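Values in this text are rule-based calculations from the coordinates and carry no lab data. The shown structure was predicted, so the numbers you read here are calculated from the model rather than taken from an experiment. Reconstructed Cβ throughout: ideal geometry from the backbone, glycine too, with neighbour counts over all protein chains shown.
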Amino acid sequence: MAERTLTLSIGPQHPGAGHFRLIVVLDGDIVVDVKPDPGYVHRGAEKMAEYRTYIQNIPHLERPVIIDSSGILFPYVLASEELLDLPPPPRAQYIRIIMAELNRIISHLYWLGIYGVFVGHTTMFLWPVGDRELFIDLAQMIAGARVTFAFFVPGGVRNDIPDDFPDKAIKVCNYYEKRLKEYEKIFFYNPLVLKRTQGVGILKREDAIELGATGPNLRGSGVKSDVRKDEPYSSYDDIDFEIPVYKDGDCWSRCMVRLGELYQSMNIIKQAIKKMPSGPVKNAKRGVLKGIEGEAFARTESARGTMAYYIISDGKPYPYRLKLSVPSFRCLSLMKHLLVNQHVADIPAIYWGLDYWPVEADK
Amino acid sequence: MSLAIDLISAINQAIKNLFKRRITLRYPEVNLDIERGYSYDPKAQVGIAGYKGRHILHLEKCTGCSLCAIACQNIANCIAMVKLDVSYPQNKKSIFPQIDYGNCVFCGFCVDACPFYALFMTNDHELSSTDKKSLIMSPLQLSIPPVKKKGLVQLEIDDRGPYHK
């Protein structure tokens, strides 16, 4: 057996989205064993957070997932608000929803672009990356930055939305809903793409639950689980939206879940703009913010799945301990399960189909 | 049969796209119209939406309190207070912030920290240079407002797709 196999190292130079290595053992072109090797971009985000105040943590904690920077910050502000006793005003909650959903679209479009390259469909790289610019422009109107927004703060959001934002956002969403129909024809229902993705990397419902998959990977296996519906936070219960669920558990199902989320995110943005109340956007205290003694836990649905923070405070301006639970880390166990007994040529389709973000997993 | 239909509709979609407008911004010739920079109202304790670009320092309002430098600690550590040969009545020590754009992350928390309406951000984002030293901007350089650019365009959307006009 030992003579017959070949050990191949995929990475660590950037297989898609950050430094990460897959050690693959091959027999012919069938994968016999897989060993994911994370840790190349570990920076100790949790330890660094213990030396920074609650505000200083904001630009630093969004660095692990710059592509979904509001998604990783959302549970942090929810948890630290409990400790700092600064509840957000209602208008801020709706602005947070708009920003989080814009970020989900930006993140999914980046994923879609790279997925197009990985299955050999160059058009699907150029279209989403071009159209992503529309949503980045919208986010820039609100937050003033293109990728790392640093927009959520404990007690609300940093500024109100500009007056011309609602019209522009609805215009962009209406255009993009039509545009996604074109994506479906050229990519999602294209027979060549179906051949590459349907029936590849099947994750059964029981396995998905046992291996701890979250987010779109779990919903692609037929489990209807979404933190936005299960434990509604930040006024998500006022908004009427569906959770796309596909039963097959293959790469194509996971793609379709993300496509469905793009439609739903635009639906949520439009509803949030309509239902947004007027009023202040921030509860503020002067001086350095000090947490009350205690602990807080918050979890939200980020673009890649369930993001959770557990913060312990001992009454100082710094968190005593900050634990960050990220969805990408759970993909590592899925990878070992899915890649065995597959062809080498299917590795990119399965690997990036999970939307694994190495920097987020390494923290 | 359905395979053939799906294939034809995919190719058809690609051909249709040939007649769409391009979203590409021809950047050095034209610039995106960004109205204003991020600013902050210390009385209401809330920001005013805008682009987070290079800072602008109002020398006649800065008191040299160093709150911006303290806010930047542990984030980027890019603000240093330096002494200038100018005299303003509100700034007895004549110290003003100097910003190192090699380290700045453009989070804007220094703007939130300023209680005297002295430090804001502008829409200027063209800060690249060939050496590290010229990335460090002195208070006098920071006090100059950015040059208004020519060839400003905005993103428009019509039936033939988004384009810049």
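A straight Cα-to-Cα reach below 16 Å connects B:K150 with the lysines B:K165, residues fewer than 8 places away in its own chain not being considered.
Kirkwood radius, the protein assembly as shown, all distinct C-alpha pairs, inverse of mean reciprocal distance: 24.7 Å.
Please say if region A:274-343 is rounded, prolate or oblate, where rounded means a/c under 1.5 for a ≥ b ≥ c the square roots of the C-alpha gyration tensor eigenvalues, and otherwise the choice is prolate for a/b larger than b/c and oblate otherwise? It comes out oblate by the Cα gyration axes. By DSSP, the beta bridges lying fully in the protein assembly as shown are antiparallel in about 90 percent of cases. Binning the alpha carbon pair distances of region A:225-363 at 10 angstrom intervals from zero yields the distribution 9, 27, 31, 22, 9, 2, expressed in whole percent. Shown in residue order for region B:90-97 are the 3J(HN,Hα) couplings computed by the Karplus curve 6.51 cos²θ - 1.76 cosθ + 1.60 at θ = phi - 60°: 7, 10, 5, 7, 6, 10, 9, x Hz (x for Gly and Pro). Restricting region B:15-109 to trypsin sites (Lys or Arg not before Pro) that sit in a DSSP loop and have at most 12 other Cβ atoms within 10 Å of their own Cβ leaves B:R22, B:R26, B:K43, B:K92, B:K93. Across A:Y189, A:Y320, A:Y236, mean-square fluctuation computed from a Gaussian network of chain A (C-alpha pairs under 10 Å connected) peaks at A:Y189. Kindly flag which residue pairs out of A:K270/B:K43; A:K168/A:K323; A:K274/B:K61; B:K52/B:K83; A:K168/B:K133; B:K43/B:K92 have an alpha-carbon separation exceeding 30 Å in this structure. Pairs exceeding the cut-off: A:K270/B:K43; A:K168/A:K323; A:K274/B:K61; A:K168/B:K133.
For chain A, complete DSSP H runs whose alpha carbons reach 15 Å or more along their own long axis and whose mean Kyte-Doolittle score is -0.5 or higher are A:69-84, A:90-118, A:123-143, A:251-275, A:327-339.
Between the C-alpha center of region A:122-141 and that of region A:1-63 there is a gap of 27 Å. The trypsin sites (Lys or Arg not before Pro) found in region A:1-98 that occupy coil by DSSP, while having at most 11 further C-beta atoms within 10 Å, are A:R4. Can you return the lysines within cross-link range of A:K316? Criterion is Cα-Cα under 25 Å, with same-chain partners fewer than 8 residues away left out. Once the sequence-local lysines are set aside, what remains near A:K316 is A:K47, A:K282, A:K285, A:K290, A:K363. Remark: relative contact order (region B:36-147) = 37 percent; criterion is Cα-Cα distance under 8 angstrom and separation of 6 or more residues. Over region B:12-108, the pair-distance histogram of Cα-Cα distances with 10 Å bins from zero comes to 12, 30, 28, 13, 9, 6, 3, 0 percent, rounded to whole numbers. With a cut-off of at most 12 other beta carbons within 10 Å, and DSSP calling the residue loop, which trypsin sites (Lys or Arg not before Pro) in region A:212-308 qualify? Please list them. Here the sparse-neighbourhood loop sites are A:K224, A:K247, A:R286.
When the alpha carbon gyration tensor of region A:47-362 is reduced to an equivalent ellipsoid, the three semi-axes, largest first, read 33, 23, 16 Å.
Working from Cα positions, state the angle (0 to 90°, nearest 10) between the long axis of helix B:2-16 and the longest principal axis of chain B. It is inclined by approximately 50 degrees. Charging the Cβ of each Asp and Glu at -1 and of each Lys and Arg at +1, and nothing else, the dipole of chain B about its Cα centre rounds to 220 debye.
The mean of 1/r over all distinct Cα pairs in chain B, once inverted, gives the Kirkwood hydrodynamic radius of 18.9 Å. Counted by neighbouring Cβ atoms within 10 Å, the residues B:T130, A:T53, A:T197 run from fewest to most as B:T130, A:T53, A:T197. Along the axis of the charge dipole computed for the protein assembly as shown (Cβ charges of +1 for Lys and Arg, -1 for Asp and Glu, origin at the Cα centre), the listed residues B:I48, A:G199, A:I67 are led at the positive end by B:I48. GNM on chain B, alpha-carbon springs under 10 angstrom: the most fluctuating residue among B:D100, B:D85, B:D112 is B:D85.
Could you state the number of Å between the C-alpha centres of region A:178-233 and region B:147-161? Comparing the Cα centres of region B:147-161 and region A:178-233, I get a distance of 37 Å. Region B:9-86 and region A:250-322 have Cα centres spaced 24 Å apart.
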